[in-house]
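The values are calculated or read from the model by the stated rules, or taken from the named source; none is laboratory data. Since we're looking at a predicted model, the values are computed, not measured. With ideal geometry, Cβ positions are generated from the backbone for all residues, glycine too; neighbour counts draw on all protein chains shown.
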Amino acid sequence: MFNSTKIINYFLLYLLIAFSGVPFFIFAKSTFLILLFPLPAVVYFYRKSELPKFIALYLIYVVLLLMLQTIKFKFFPVETYIGIILKVLFAFFVIELLKEKFIPYYVNIIYVSTIISLFFYILSYAPGFENIIASKLSPIMENPLLKQEGYKVWPNIIIYTANSGGAEPLLRNSGPFWEPGAFAGFLVIALIFNFIQTQDFWHKKNKLLMIGLLSTFSTTGILSLFVLIAGYFLSNRKVYVKIITIPLVLLLGFYAFNTIDILGKKISEKMDIENAEYNTRFKSAVLDIRDTIENPILGLGRNIETRFKGEKDPVKIHRNNGVTDFMASVGFLTFILYFYFMYFSFNKLCKVNGFKAEFANYAIILIIMIGFSEGYFFRPFFYSLTMLHIHIIKAKTEQILDKGKGQIPDSLIGAGIS
């Protein structure tokens, strides 16, 4: 049966993900976002959703931070500020419209994207296939609003990106995202969500998502998988499972680190700050921490003019550590609040699903891990993770009361409902 609400909700969530990682959308800067922003806004006002107090305060805080940065630097980057505010609002509209459907719909979108990506990934081993994407298909699907500024846009057909180098002789799977490492991050989040929802390690979606994660051959992605598996089993209530898991994960991790080049060798190279030819993740972290210490309260802002103090050399301003770059841009307070509310969302999600809340600790560690190598945290999907807790609690409470159970379970009272 045709369900217009479901189709619209899926499409809006897809746009939220796409504006957070799909080249066709993200490299068109704010122009494309401005053009498509009315879609969630119109649906939101049509459905007459209420504005939660938390979101109102959230928006006030964002605007206040931008105003204070403007006063401090005497610089008003209109496009940058519009982009930030629209991304926050886009995230809010989608969260508000989908409510409890947000998480299962996200898992489904990434699950389908993984199936599609594995199809193209296998075909990529056929000689000349990626050339066909680059020369024949990609030009047809190129966004006319795309602005290529200082970052290579790899050939893509929206549902798949041909950026498979870096793990020779094996190829890497970028999925629909800008590079394999970025795809790995979105897969890790899908696994976190589905582990909490299903509490079934061997669930069919988890199996495929893990295969997809391994196909990225992302150093961070594979390390995250170790932490994810360990966190899942260590959060298990059965003591014997923990006793078996800890030494097994440590042994596997040690073996992998010493035998797989994209782990041990690559990490060692990235940590060699002194001999780095460009700003690696670790060198970026050192530079960003210095910037944060100099500007601890408000940060340096998002715009290149203030963030890098007028420096324009692309080599010198290159940063690929998303965690420390975010901290240097917004300051300590905003950094702490951002990740606290993200943790708060995972904590409440665990509680309302009857999963041990301890797993939320591993979830936030994983978010920081995937952000260590990718610039995620100014992207709208990640804003949504800081807002998710409201609707997890609200939707679950309404669902229980609608069923006429009469009482709110202790697990939800512990989650902050009374």
*asked:* All but one of (1) assigned to a helix (DSSP H, G or I); (2) under 25 Å from residue 330 (Cα atoms) hold for residue 7; state the number of the condition that does not hold.
replied: (2)
*Considering (1) modelled with pLDDT under 95; (2) part of a helix (DSSP H, G or I), say which one residue 127 fails and leave the rest.*
(2)
_Condition check: modelled with pLDDT of 95 or more and either within 27 Å of residue 308 (Cβ to Cβ) or aliphatic (A, V, I, L, M) (or both). Does residue 42 satisfy that?_
no
_Looking only at residues that are assigned to a helix (DSSP H, G or I) and touching a Ser or Thr at 6+ places or on another chain (Cβ under 7 Å) in region 363-381, which one is surrounded by the fewest Cβ atoms within 10 Å (Cβ to Cβ)?_
369
*List every residue pair whose Cβ atoms lie under 8 Å apart, where the two residues are 6 or more positions apart in sequence or sit on different chains, the first residue falls within region 204-223 and is in contact (Cβ under 8 Å) with a residue 40 or more places away in the chain, and the second residue, located anywhere, is among the basic types (Lys, Arg) and part of a helix (DSSP H, G or I).*
219/266
*Answer residue from region 130-170, given it is outside any loop (DSSP other than H, G, I, E, B) and closer than 23 Å to residue 210 by Cβ and is nearest to the chain's Cα centre (by Cα) among those*: 161
*Just a yes or no: is a residue in region 217-227 more than 18 Å from residue 365 (Cβ to Cβ) and within 19 Å of the chain's Cα centre (by Cα)?*
yes
_Filter region 379-400 down to the residues that are in contact with a helix residue (DSSP H, G or I) (Cβ under 6 Å, 6 or more places away or on another chain) and at pLDDT 75 or above and list them by number._
379, 380, 381, 383, 384, 385, 386, 387, 388, 389, 390, 391
*Given the conditions (1) at pLDDT 65 or above; (2) of a type outside the set (Val, Ile, Thr); (3) exposed (fewer than 15 other Cβ atoms within 10 Å of the Cβ); (4) not in a helix (DSSP H, G or I), which single one is not true for residue 302?*
(3)
*Identify all residues within region 59-93 that are assigned to a loop (DSSP other than H, G, I, E, B) and loosely packed, with under 14 Cβ neighbours inside 10 Å; write none if there are none.*
74, 75, 76
*Run residue 174 past the list (1) crowded, with 16+ Cβ neighbours inside 10 Å; (2) at pLDDT 90 or above; (3) farther than 25 Å from residue 315 by Cα and report the number of the one that doesn't hold.*
(3)
*Within region 153-194, which residues are small (Gly, Ala, Ser) and in contact with a helix residue (DSSP H, G or I) (Cβ under 8 Å, 6 or more places away or on another chain)?*
162, 164, 166, 167, 174, 175, 181, 182, 184, 185, 190
